Amino acid sequence: MAASNHEDLIKRIERDLLDSYDEELELEIEDRNPDALGVDLGGADSNTDEHKAHRMAYFRELFKLQGELVKLQDWVAATKQKVVILFEGRDAAGKGGVIKRITQRLNPRVCRTVALPAPNDRERTQWYFQRYVAHLPAAGEMVLFDRSWYNRAGVEKVMGFCSDDEYEEFYRSVPEFERMLVRSGIRVIKYWFSISDDEQHLRFLGRIHDPLKQWKLSPMDLESRRRWEDYTQVKETMLERTHIEEARWWIVAADDKKKARLNCIHHLLTQFDYHEIEKPEVVLPKRERNPDYIRHPVPDSMIVPAIY
């Protein structure tokens, strides 16, 4: 029985690694041709017809949704909307993956990601929300927070980085802070990515065994694994005390990474009554040619060696 469980675990880690390779492929594909993705990435299950069909369906839907995100972006810019989207969840829940898929084909001048490091000594003495306020959107912008002010409700509480008084003050302040944002014209959307105990364990093992992902495992991540139940308790408190009508929480079932991405993007699109913005036809101007222009050769010493 133990051998069978071990083999099953190895297969699941393998599938997780293959999914990581798929992530890199989808981030590189520019021709939006999912049929070109019938690549053999190895592995026992990677070449089955069912596996290929699932991958093709996923990529087709992803590209379609990304096309809609471009329309949403244009509408946000044209109508001067101000949008804040918070992505929260346990370590390895897949927040970064969906943020990458949302922003992949968007204009960074319109849609940007904010992922703040731990506060420095000066920031620790500021009003708690102060460093987040600096990153709020102006008209025509979307800001995606990869973790947000809800750090206080999660990691800071569990790890003892804030006092009990600071924790309670956060819950007194955050509903009014978010209502204030909404009254000022900012749309606030909050997502919590929910994964099971077993799935987080699997993803951590995948990171441990993938040299390209080991950097994602910080001491804080490992400690969060040990304190699973503590994080569960503070998450439940957070959802209960900050689920307000003006800025409600939306839970994304994230054990399946691909489905979580598609479901989250689809849901995000439904939150806006957007429409395609008509654009003037783009005409490429004719290049001017000056008979006196001479292009000087670049010295060989400046050329990057053609190794490939």
| field | Answer residue from region 76-112, given it is in a loop (DSSP other than H, G, I, E, B) and under 15 Å from residue 192 (Cβ atoms) and is nearest to the chain's Cα centre (by Cα) among those | value | 94
| Of all residues in region 206-244 being loosely packed, with under 12 Cβ neighbours inside 10 Å and more than 30 Å from residue 11 (Cα to Cα), which is farthest from the chain's Cα centre (by Cα)? | 240
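Which of the residues belonging to region 276-308 are in contact (Cβ under 8 Å) with a residue 12 or more places away in the chain and open to solvent by less than 100 Å² (accessible area, probe 1.4 Å)? Spell out how you get there, then give the answer.
Step one: list which residues in region 276-308 are in contact (Cβ under 8 Å) with a residue 12 or more places away in the chain, which gives 276-277, 279.
Within region 276-308, just 277 meets the criteria.
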| Flag for residue 157 being touching a Gly at 6+ places or on another chain (Cβ under 8 Å), surrounded by 12 or more Cβ atoms within 10 Å (Cβ to Cβ) and not hydroxyl-bearing (Ser, Thr, Tyr) | no
| message | Please go through region 170-205 and give me each residue that is in contact (Cβ under 8 Å) with a residue 40 or more places away in the chain and either of a type in the set (A, V, I, L, M) or open to solvent by 70 Å² or more (accessible area, probe 1.4 Å) (or both), ordered by number. | response | 174, 181, 182, 186, 187, 188, 189, 195, 202, 205
| remark: Only one of (1) touching a helix residue (DSSP H, G or I) at 6+ places or on another chain (Cβ under 7 Å); (2) open to solvent by 40 Å² or more (accessible area, probe 1.4 Å); (3) among the basic types (Lys, Arg) does not apply to residue 90, and that is (2)
| query | Does any residue of region 219-229 turn out to be closer than 16 Å to residue 85 by Cα and part of a loop (DSSP other than H, G, I, E, B)? | reply | no
| request: Quickly run through region 171-227 and pick out the residues that are closer than 22 Å to residue 255 by Cα, among the aliphatic types (A, V, I, L, M) and in contact with a helix residue (DSSP H, G or I) (Cβ under 6 Å, 6 or more places away or on another chain). | output: 202, 205, 217
| query | Being surrounded by 12 or more Cβ atoms within 10 Å (Cβ to Cβ), in contact with an Asp or Glu (Cβ under 9 Å, 6 or more places away or on another chain) and of a type in the set (Val, Ile, Thr), is that true of even one residue in region 245-261? | reply | no
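Looking at residue 283, is it at pLDDT below 95 and more than 30 Å from residue 54 (Cα to Cα)? So that I can check it myself, show each step before the final result.
Numbers: at pLDDT below 95: yes; more than 30 Å from residue 54 (Cα to Cα): yes.
When the stated conditions are applied, residue 283 passes them.
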| said: Taking the conditions exactly as written (more than 20 Å from residue 220 (Cβ to Cβ) and at pLDDT 95 or above), does residue 116 satisfy them or not? | reply: no
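From the list 232, 242, which residue is under 22 Å from residue 191 (Cα atoms) and touching a residue at least 60 places away in the same chain (Cβ under 8 Å)?
242
Please report, ordered by residue number, the helices (runs of 4 or more DSSP H) entirely within region 117-203 with at least 1 residues that are among the hydrophobic types (A, V, I, L, M, F, W, C). Explain how you work it out, then say what you get.
Values: elements: 121-124, 130-133, 155-159, 164-183.
The helices (runs of 4 or more DSSP H) meeting that bar are 130-133, 155-159, 164-183.
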| query | Within the set of pairs 6 or more residues apart or between chains, which connect a residue that is among the polar types (S, T, N, Q) inside region 48-74 to a residue that is open to solvent by less than 10 Å² (accessible area, probe 1.4 Å) and in a helix (DSSP H, G or I) with Cβ atoms less than 8 Å apart? | reply | 66/101; 66/265
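The values are calculated or read from the model by the stated rules, or taken from the named source; none is laboratory data. The model shown is predicted, which means the values in this text are computed figures rather than measured ones. Neighbour counts are summed over all protein chains in view; Cβ atoms, including those assigned to glycine, are modelled from backbone coordinates with ideal geometry. We work out accessible area using only protein heavy atoms, side chains counted, and drop any ligands, DNA or RNA first. Shrake-Rupley method; radii C 1.70, N 1.55, O 1.52, S 1.80 Å.
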